Every structure is written in C-alpha cells, then in structure tokens.
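Before any comments, here is the structure.
The values are calculated or read from the model by the stated rules, or taken from the named source; none is laboratory data. All values reported here derive from a predicted model rather than from experimental measurement. Cβ placement follows ideal geometry from the backbone for every residue including glycine, while neighbour counts extend to all protein chains displayed. Surface accessibility is based on the protein's heavy atoms, side chains included, excluding ligands, DNA and RNA. Shrake-Rupley method; radii C 1.70, N 1.55, O 1.52, S 1.80 Å.
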Amino acid sequence: MAQKRDTPALIAAFLLTAALLSAGVWWFSRQFNLNALLSGTGSPGQSPTSSPISTPPSSGNSFADVANVPAGLFAYGGSTTWAPIRGTVDPALQQAHPGFQLRYTNPTTGTPGSGSGIRMLIDNQLAFAQSSRSVNPNEFQAAQQRGFTLREVPVALEGIAIAVHPNLPIAGLTIDQIRGIYTGQITNWSQVGGPNLAITPYSRRLEDGGTVEFFVDNLLNGAPFAPGVQPIATTTEALRAVSSNPGGVYYASAPEVVGQCTVKPLAVGQTADQLVAPYIEPLVPLSQCPAQRNQVNADALRSGAYPITRPLLVVIKETGQIDQQAGEAYANLLLTNQGQELLGEAGFVRLR
C-alpha cells in the first residue's frame with residue numbers, strides 16, 4: 001500500500017524534473033542561437049540594440065561567383081524596410097542568374113512586414129523571408145510544429161532614424177526622451193529643450209511590421225504606445241504628415257528618412273552629451289536638397305556609436321528542399337562583395 005501511495009508523488013517529481021530540464025534546454029538554445037546570430041550563422045534570438053555584428057564570411061567577389069543557385073520561380077516577401085533592396089539589388093542578382101527568378105508576394109490579409117513574411121514562410125507560402133527583426137520564440141515553435149527549423153542570416157546593418165519638422169529647433173533626443181514621447185511622459189517639445197509646442201508622435205501599428213516591433217521591444221522596453229500616438233498607414237504618409245506638422249515626430253529605417261528633403265533627422269544618444277547623427281555631418285541644408293542629400297552615417301552605425309541599429313536578416317526554412325537552397329543562395333549572393341556594395345548604395349551598412 002505504501003508503494004501505491006508513493007506513486008503519485010514520484011510521477012509529480014518526474015514531471016517537475018522534466019519541465020526544469022526542458023526550460024534549461026530552451027534557455028541554453030536561446031543563448032546559443034543569439035551568439036550564432038551575431039556571428040552570422042544562427043537562428044532566433046533578440047539582437048541587442050546597437051551591438052556590432054560579427055562579419056559573416058564572404059561568398060565571393062561577384063554574383064557570378066556564387067554556386068548552387070537554383071533555377072525556378074521563388075516567392076519571397078516580408079519587411080518593407082527591404083524595399084530599396086528589392087528595387088535595386090535584386091534585379092542585378094537576377095541578371096547574373098537569370099534562372100533564379102524572384103517574385104515578391106504580399107500577404108492575402110494584413111499589411112506587408114517582417115511578421116507577415118515570417119508567418120507566410122511558416123505556412124509554406126514563401127521560399128524565404130526578408131526580416132528587420134529576429135524570429136520570435138512563438139514563430140520558431142510554429143515552424144518546429146511544421147517539421148522544420150528557421151535560420152537567420154544577417155546580410156546588412158541599418159539604423160532607425162527619428163524624423164521631425166525641418167524648422168523644429170532641436171538638435172537631438174536621448175533614448176529615454178524618445179521612450180518618454182511614445183509612452184506619454186513627454187508631451188511638449190519644451191520638456192526636451194525645444195519650443196512650447198505640443199508633440200504629435202506618429203507610428204505605424206504594432207502589427208504592421210518589424211520596425212514597429214523592434215521599436216517597441218528595444219526602445220519602449222515592451223511598454224504600449226500612449227493614447228496620443230497617432231496611427232498612420234505607411235512611412236510615406238508619416239513623413240508627409242511630419243513635414244506639415246511643426247510638432248510631429250516619426251521613426252523609420254534610416255535610408256527612408258536621412259535623404260528626405262521635407263523632414264529633419266535628429267541625432268540620438270544614450271545621454272544628452274553623447275548625441276550621434278544618423279547622417280554624415282554637417283547636415284545638408286534643406287535649401288540644397290535634392291541637388292544634395294544627406295547620406296547615412298555608415299561608420300557610426302557599424303561601430304555602434306549610433307545607438308539604434310539592427311541587422312537585416314534573410315530567414316531560411318531548413319527543410320532540405322529547394323526552398324532552403326533558394327534562401328541560402330539569396331543570402332550568399334547578398335554577402336558577395338558585389339552584393340555588399342549594392343546594399344551600401346541602397347543606403348544600408350555593409351557587414352564587410
């Protein structure tokens with residue numbers, strides 16, 4: 001009888017031990033994957049803001065040097081941050097490998113973005129995805145339930161720039177001040193050294209893309225947007241709104257902000273005495289734009305001196321099938337010297 005009474009306790013102890021072991025394995029794998037991501041070889045992990053990323057190995061000098069590029073039509077999609085790459089880099093690599101045909105695919109529901117791209121990848125609607133944030137644990141688990149894993153390959157680095165009205169007399173903001181604006185603690189520019197003018201912060205919705213998710217996770221520490229944050233559909237609309245609203249502020253990918261003629265990008269720092277511009281100084285006067293345009297400060301982004309940076313990632317599903325080969329080929333093409341040079345011309349920071 002004593003043995004029977006002990007049985008439930010033994011089972012409970014076994015289940016508790018198994019749960020602890022599983023948690024330990026999950027934690028270890030997350031740490032390993034983070035380190036692997038930063039070295040250019042890994043899978044899911046939350047990239048720390050402004051940490052320099054290790055240089056991935058070169059795939060050759062030119063697109064023509066890349067072997068094992070499959071032939072066929074491959075659907076891909078994801079982050080809107082990648083739009084300049086899709087417009088300039090992808091046609092050049094397809095010219096070098098005409099059999100490797102790429103078709104950008106929008107989601108059937110919702111808006112394009114990193115999250116929708118990864119979701120479509122898991123649902124086998126894409127061969128690979130383009131992302132401006134890391135795969136999260138839920139997405140990684142969903143892929144495993146489908147029988148495959150997801151792997152991230154960083155191919156470039158970019159920054160998040162803060163845009164304000166060109167006539168706003170303020171040089172820059174600290175990370176804490178940006179957080180205060182978007183969480184509602186700071187509502188007037190006079191609170192950060194500017195004029196007595198109400199702040200109108202704009203943002204796309206959280207579900208609209210990886211840039212918003214990155215901003216919330218890394219700058220707001222997961223806190224929700226304040227009720228005063230104005231939702232806006234696209235970066236184009238947001239920049240237009242800021243250019244006509246003296247109190248407006250918006251954040252977006254640096255290549256989308258820095259070269260604009262209608263808004264001013266702000267310097268950003270951890271503290272007020274460490275402000276770093278996302279553009280190459282001195283600031284080009286708006287009166288000289290578009291004949292001259294501000295250029296992204298690649299050195300500051302690459303070194304981590306500019307405090308809001310992140311990697312651009314090709315997300316590959318490891319199935320052993322041709323889709324995996326397509327994703328790996330795409331990443332390898334972007335990691336050639338030719339690919340890195342074109343990424344730089346598109347306004348992103350090359351990793352090599």
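Along the principal axes of its C-alpha atoms, what lengths does the stretch 241-302 span, in descending order and rounded to whole Å?
Answer, in whole Å and largest first: 29, 26, 19 Å.
Between Arg240 and Asp217, what is the spin-label point distance in nm, taking each point 7 Å from the Cα along the Cα→C-beta axis?
If labels sit at Arg240 and Asp217, their model points lie 3.1 nm apart.
Rounded to two decimals, what is the ratio between the C-alpha radius of gyration of the stretch 211-352 and 2.2 N^0.38 Å?
1.22
Taking every Cα atom in the stretch 177-228, find the radius of gyration and the maximum pairwise distance Dmax, and write them in Å.
Rg, Dmax (Cα atoms, Å): 11.5, 33.
How long are the semi-axes of the ellipsoid equivalent to the stretch 297-352, from square roots of 5 times the Cα gyration tensor eigenvalues, in whole Å, largest first?
Working through the eigenvalues yields semi-axes of 26, 13, 7 Å.
With every protein chain kept in place and ligands, DNA and RNA left out, what is the accessible area per residue of the stretch 180-223? Probe 1.4 Å, answer in Å².
40 Å²
Quick one: which residues, 5 or more positions from Ala127 or on another chain, have an amide H under 5 Å from its amide H? H modelled 1.01 Å from N in the peptide plane, none for Pro or chain starts.
Ala75, Tyr76
In whole percent, how big is the carbon plus sulfur part of the accessible area of the stretch 208-352, probe 1.4 Å, protein atoms only?
Carbon with sulfur: 49 percent of the solvent-accessible area.
Which shape class, rounded, prolate or oblate, goes with the stretch 71-180 when its Cα gyration tensor gives a ≥ b ≥ c as root eigenvalues, a/c under 1.5 marks rounded, and past that a/b bigger than b/c marks prolate?
oblate
Local charge sum around Val229 (other residues, Cβ-Cβ under 14 Å, Lys/Arg +1, Asp/Glu -1)?
Net charge in that neighbourhood comes out at +2.
Which one, Gln230, Leu312, Gly247, is farthest towards the positive end of the dipole of the stretch 206-352 when Lys and Arg carry +1 and Asp and Glu -1 on their Cβ?
Farthest towards the positive end: Gly247.
Using heavy-atom solvent-accessible surface (probe 1.4 Å) with all chains present, what is the largest-first order of Asp90, Asp323?
Highest to lowest solvent-accessible surface, that is Asp323, Asp90.
Normalised by the residues of the stretch 223-319, what does the relative contact order come to in percent, with Cα pairs under 8 Å and at least six apart?
20 percent
Working from the alpha-carbon coordinates of the stretch 172-260, get Rg over Rh, Rh being the Kirkwood radius.
On the Cα set of the stretch 172-260, Rg over Rh gives 0.93.
Write down the radius of gyration of the stretch 100-249 and its Dmax, each obtained from C-alpha positions, in Å.
18.0, 57
As an exercise, use a Förster radius of 25 Å and the Cβ-Cβ distance of Ala96 and Thr149 to find the FRET efficiency, rounded to the nearest 0.05.
Efficiency at R0 = 25 Å is approximately 0.30.
Rounded, prolate or oblate: pick one for the stretch 130-202, where a ≥ b ≥ c are the square roots of the eigenvalues of its C-alpha gyration tensor, a/c under 1.5 means rounded, and failing that, prolate if a/b is larger than b/c, else oblate.
Here the stretch 130-202 falls in the prolate category.
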